[in-house]
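Below you'll find the structure, written out as structure tokens, and then a few comments.
The values are calculated or read from the model by the stated rules, or taken from the named source; none is laboratory data. As the structure is a computational prediction, the values presented were derived from the model and not from experiment. Cβ: placed from backbone, ideal geometry, glycine included. Neighbour counts: every protein chain shown.
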Amino acid sequence: MKIGIDARFLTHPQAGGFKTYSTHLVETLTRLDSANEYVLYLDRDAGRGPAWLARRNCTTRVISGDTPLVGMPWREQVQLARAAARDRLDIFHAPCLTAPLRLSCPLVVTIHDMIWHTPPAGPARALGLKRALMARYYQTVPKLAAQRAAAVITVSHAAKRRIVAELGLPPEQVAVTYEAAAPAFGRVTGEPALARIRQRFGLERGYILAIGSADPRKNIATLITAYGQLPQTLQARHPLVIVWTHSLLSTAMAHRVERLGLAEHVRFVQGVSDEELCGLYSLAALFVFPSREEGFGLPLLEAMTCGTPVIAADNSSIPEIAGDAALFVDAEDAAAMAAAMAALLTGAAQQSDLIARGYRRAVQFSWRRCAAETLGVYQTVYLAKRPPLPSRALSTGV
């Protein structure tokens, strides 16, 4: 098969779910599958991308999305469609929600969640013209892409149930392929490495860790409120450390911290690499994941892989991914969140139990499995359109 993938997130500088998924899926596919050819459509020079893009089964094409105002939609709907026809693809995979709607080959699209299906709060004019247009694009194109796709991939059964219900797709058209923590994640035990983390961020072991982003659904506001309800003795021993992957909401949350009189005990950090995040997980007393909705919830597995006990919200895909390896709370119940943190901070036996459960849970997920199951989707779509090929031609080495 000749498989095209919209790989624009591979070379994007900003970390995030789409970049993580694209990077690990495509790297693992091209490492394990030598039988098929992959055409990767970037939107900027590949020199900024990972070295494995030079693998023999990879061809890269740079299709920029720098057309003023409509750059990304023009790239996706016109330029990618033309490139797919020119390259005579057997399958085109759009791994990050939107996709070309008019293709000369079957489409596979990954829809990670249905969060996009809820319009952003506030009037469109408050977003600015470009952001308002992109918001409309992201509310319209995923539905059309899913309805025109030969197959839809998603990352949890919770997400699949919403996709089937809200987009009217037959369940057999939607495949679930779980993500996993990156291979780089694992508990850091070496004292020199931990000392570098303590020095870099000015932290000592035993803080409460969380991750914030530009999205209010990460629910950092409720976590800060819950932290404020902890006894002062626990606050003094266990600061709250929030890693911001995007600074958009950090200022508002800093004001909230000030209003609650918590400035002495709450720390914000930014610009954290995966290596540093491993160290931050490893030094934490616990990790809190209070999100209101997730398609998957990758930080859960990152924390577990690093041996950090987890408190998590009990909604959407989170219980499905965390299994029996987290202490669950209502995302909107600050008092319950505070009680869970207090219980875990003072309960050594429960901490040890959750750490052991977390290790067992995290190893059930792997990018190798995700890649193999994704390739299985490609093969199903391809064979539905073509006569069967000899089994040797579909060998993947997985």
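Quick look at the numbers
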item: Residues within the stretch 196-214 that are within 24 Å of the chain's Cα centre (by Cα) and surrounded by fewer than 17 Cβ atoms within 10 Å (Cβ to Cβ), tallied; result: 1
item: Count of residues meeting criterion [touching a helix residue (DSSP H, G or I) at 6+ places or on another chain (Cβ under 7 Å), surrounded by 14 or more Cβ atoms within 10 Å (Cβ to Cβ) and outside any helix (DSSP H, G or I)] in the stretch 65-89; result: 1
item: Residue identified as over 19 Å from residue 219 (Cα atoms) and at pLDDT 95 or above among 303, 349; result: 349
item: Any chance residue 10 is among the aliphatic types (A, V, I, L, M), in contact with a Gly (Cβ under 6 Å, 6 or more places away or on another chain) and surrounded by fewer than 18 Cβ atoms within 10 Å (Cβ to Cβ); result: no
item: In the stretch 14-41, the residues that are modelled with pLDDT under 95 and hydrophobic (A, V, I, L, M, F, W, C); result: 15, 18
item: Hey, residue 258 in contact with a helix residue (DSSP H, G or I) (Cβ under 7 Å, 6 or more places away or on another chain) and not hydrophobic (A, V, I, L, M, F, W, C) or not; result: no
item: Helices (runs of 4 or more DSSP H) wholly inside the stretch 133-232 containing at least 1 residues that are out of contact with any Cys (no Cβ under 8 Å at 6 or more places or on another chain), under 25 Å from residue 302 (Cβ atoms) and not assigned by TED's automatic domain parsing to the domain that holds residue 94; result: 191-201, 220-228
item: Residue match in the stretch 357-365 (condition: surrounded by 15 or more Cβ atoms within 10 Å (Cβ to Cβ) and of a type in the set (Val, Ile, Thr)); result: no
item: Selection count, the stretch 233-267, where residues are assigned to a loop (DSSP other than H, G, I, E, B) and either touching a residue at least 60 places away in the same chain (Cβ under 8 Å) or not assigned by TED's automatic domain parsing to the domain that holds residue 312 (or both); result: 3
item: Looking only at the stretch 372-390, and only at residues there that are exposed (fewer than 13 other Cβ atoms within 10 Å of the Cβ) and under 34 Å from the mean Cα position of the chain (by Cα), the one that is modelled with the lowest pLDDT; result: 386
item: Residue in the stretch 282-289 that is of a type in the set (Phe, Trp, Tyr), farther than 21 Å from residue 331 by Cα and not in a loop (DSSP other than H, G, I, E, B) present; result: no
